[in-house]
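Student: Provided herewith is a single structure, encoded as structure tokens, for subsequent inquiry.
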């Protein structure tokens with residue numbers, strides 16, 4: 001199962017955040033949190049907060065063990081852009097954008113036993129008509 005946390009409208013350019021994300025994306029979760037806490041890039045703090053939020057979502061809402069979590073994906077997209085102007089020579093102006101970004105952190109459960117059990121429960125619910133998919137397809141069971 002995937003556990004998601006989204007941080008929106010962070011006042012840092014997506015390009016700058018992607019530099020940090022690419023350096024930590026394929027590493028172990030503990031190692032990533034430690035490296036983000038000592039990293040000198042400004043984008044490290046919002047990324048660490050998003051990771052902590054995703055971990056808290058998994059642990060508090062779904063009762064998953066923190067040791068079994070791994071980073072599945074970190075997606076950085078462009079947020080709002082504020083249009084601003086620099087003053088230039090001869091009474092002119094130069095437009096520029098103050099970019100913001102959205103960070104989406106997706107964690108996955110490393111424990112294969114939990115995943116197989118969940119898939120088995122979903123199949124049973126679907127067969128009995130108690131699952132969400134069955135009610136969408138066939139309506140409520142009378």
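Values quoted throughout were computed directly from the atomic coordinates according to the rules given, and no laboratory measurement underlies them. Because the structure is a prediction, the values reported are computed rather than measured. Glycine also receives a Cβ, built like all others from the backbone with ideal geometry; neighbour counts cover every protein chain displayed.
Student: Evaluate E = 1/(1 + (r/R0)^6) for residue 23 and residue 68, where r is the Cβ-Cβ distance and R0 equals 35 Å; express this FRET efficiency to the nearest 0.05. If you can, show how the numbers build up before the last one.
Tutor: Details: r = 24 Å, r/R0 = 0.68.
My answer for the efficiency is 0.90.
Student: Same structure, new question: Sorted from fewest to most neighbouring beta carbons within 10 Å, what does the list 63, 123, 49 look like?
Tutor: Ascending Cβ contact count within 10 Å gives the list 63, 123, 49.
Student: Within 10 Å of each residue's Cβ, count the other Cβ atoms and sort 29, 45 from fewest upward. Walk me through the numbers before you get to the answer.
Tutor: Details: 29 19, 45 15.
Ascending Cβ contact count within 10 Å gives the list 45, 29.
Student: If neighbour count is taken as other Cβ atoms inside 10 Å, put 20, 59, 76 in order from fewest to most. Intermediate values should be presented prior to the final figure.
Tutor: Numbers: 20 23, 59 14, 76 26.
Listing 20, 59, 76 from fewest to most nearby Cβ atoms yields 59, 20, 76.
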